[in-house]
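To start, the structure under review is shown below, and the notes come after it.
The values are calculated or read from the model by the stated rules, or taken from the named source; none is laboratory data. Just so it is clear, the model here is predicted, and its values are computed rather than measured. A quick note on method: Cβ atoms are made from the backbone with ideal geometry, for glycine too, and the neighbour counts reach across all protein chains shown. Areas reflect the complete protein model, heavy atoms only, side chains present, ligands, DNA and RNA absent. Shrake-Rupley method; radii C 1.70, N 1.55, O 1.52, S 1.80 Å.
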Amino acid sequence: MKKILIVAILGLFLFSCSNSEKNMTVSGNVKGLKKGTLYLQQLKDTVLVTIDSLQVKGNGVFSFKTEIDSPDMFYLYLTKKDYNDINDRIRFFGEPGAITINTSWDNFETDAKIVGSKSNDVYQNYLKGMSRFNTKSLSILQARFDPKFQNDSIALDSLVKLNDKNIYRSYAYALNFALNNKSSFVAPYIAVNEVPDANIKYLDSINSVLTPEVASSKYGKELKKYLEEIKAEKE
């Protein structure tokens, strides 16, 4: 009887340990938040699904705990009831472990400071590099609405070419970033979600250099499946 009990306890211990390796805790503080609802969300089959929610009363301290199978993109959403849909959702790359997000009520997204996720650190570096291309695209778009360009076909054509060049450079940056971060779960995410229409040979190059752990992750599998589908269509 004692042996059976010991085996049962050992089995329960091992089960809890294996589960703890998949647990992600997201906690922190929203400065200035007195009342509202926080949601932890995740994209599933292109639909944003709420995993957990928390009603905040009195202060902005929060904590969520969930089990995840693979590092993935998550969202922390706040209903502020300020009649403004802008600056109310924080996007971050989640992974097992403790993640801390500290921010403010009035600048919920822009003030966010996220620590504890190595994948998110890599993703933020990627976004920082991409920001210069996004800024360039915005300035070109604004210029196209300038009357002096709209009335000059040659000048307008030059803007189109300039924008095409900027897009090409942004794709090159994204692909090189993924290749240089082959051991990060962010690499296949970029390939599948940021530049899926890039030349297949470049996407194939990313897929071929991924570490075994990354290749077997959610986005690693999605990249492999995506490439297989493209190649099948060309046969």
Any residue on another chain or 5+ positions along whose placed amide H is under 5 Å from the amide H of L43 is listed here as V49
Once normalised by the length of the chain, the mean sequence separation of its alpha carbon contacts under 8 Å that are 6 or more apart gives a contact order in percent of 14
Whole-percent carbon and sulfur contribution to the accessible surface of the chain (1.4 Å, no ligands, DNA or RNA) stands at 55
Measure of exposure for R91: accessible area at 1.4 Å probe, Å² rounded to 10, is 90
In debye to the nearest 20, the charge dipole size for segment 109-235, taken about the Cα centre with +1 at each Lys and Arg Cβ and -1 at each Asp and Glu Cβ, equals 320
The equivalent-ellipsoid semi-axes of segment 187-227, taken as the square roots of five times the Cα gyration tensor eigenvalues and listed largest first in whole Å, are 15, 10, 8
With bins of 5 Å, the percent of all Cα-Cα pairs of segment 75-157 per bin from 0 is 3, 12, 16, 15, 14, 12, 9, 7, 7, 4, 1, 0
Diffing segment 97-103: the Karplus 3J(HN,Hα) column from phi (6.51, -1.76, 1.60, θ = phi - 60°), in whole Hz with x for Gly and Pro, holds x, 9, 10, 10, 10, 10, 7
Using alpha-carbon coordinates alone, the radius of gyration and Dmax of the chain in Å work out to 22.4, 91
Violations at 18 Å Cα threshold for listed pairs K57/K80; K44/K118; K136/K161 -> K44/K118
For K234, the lysines lying under 28 Å Cα to Cα, once residues fewer than eight places off in the same chain are dropped, come out as K165, K182, K201, K218, K221, K224, K225
For segment 122-205 the chymotrypsin sites (Phe, Trp or Tyr not before Pro) that pass both the DSSP coil test and the at-most-16 other-Cβ-within-10 Å test are F145
Interchain or sequence-distant (5+) residues whose placed amide H lies within less than 5 Å of the amide H of G60 are V30, G32, L33
For the chain, the per residue accessible area (1.4 Å probe, Å²) is 62
Only helices counted: for the chain, with every DSSP H run of 4 or more residues adding -39500 (n - 2.57) and the sum spread over all residues, [θ] at 222 nm is -15500 deg cm²/dmol
Under a 1.4 Å probe, counting only protein heavy atoms, D106 has an accessible area in Å², nearest 10, of 90
Residues whose modelled amide H sits under 5 Å from the amide H of N87, counting only those 5 or more places away in sequence or on another chain, are none
Under the 7 Å Cα-to-Cβ spin-label approximation, V61 and D106 lie apart by a distance in nanometres of 2.4
Along principal axes, largest first, the alpha-carbon spread of segment 102-223 in whole Å comes out as 55, 44, 19
Dividing the mean separation of Cα pairs under 8 Å (6+ apart) by the residue count of segment 115-185 yields a relative contact order in percent of 43
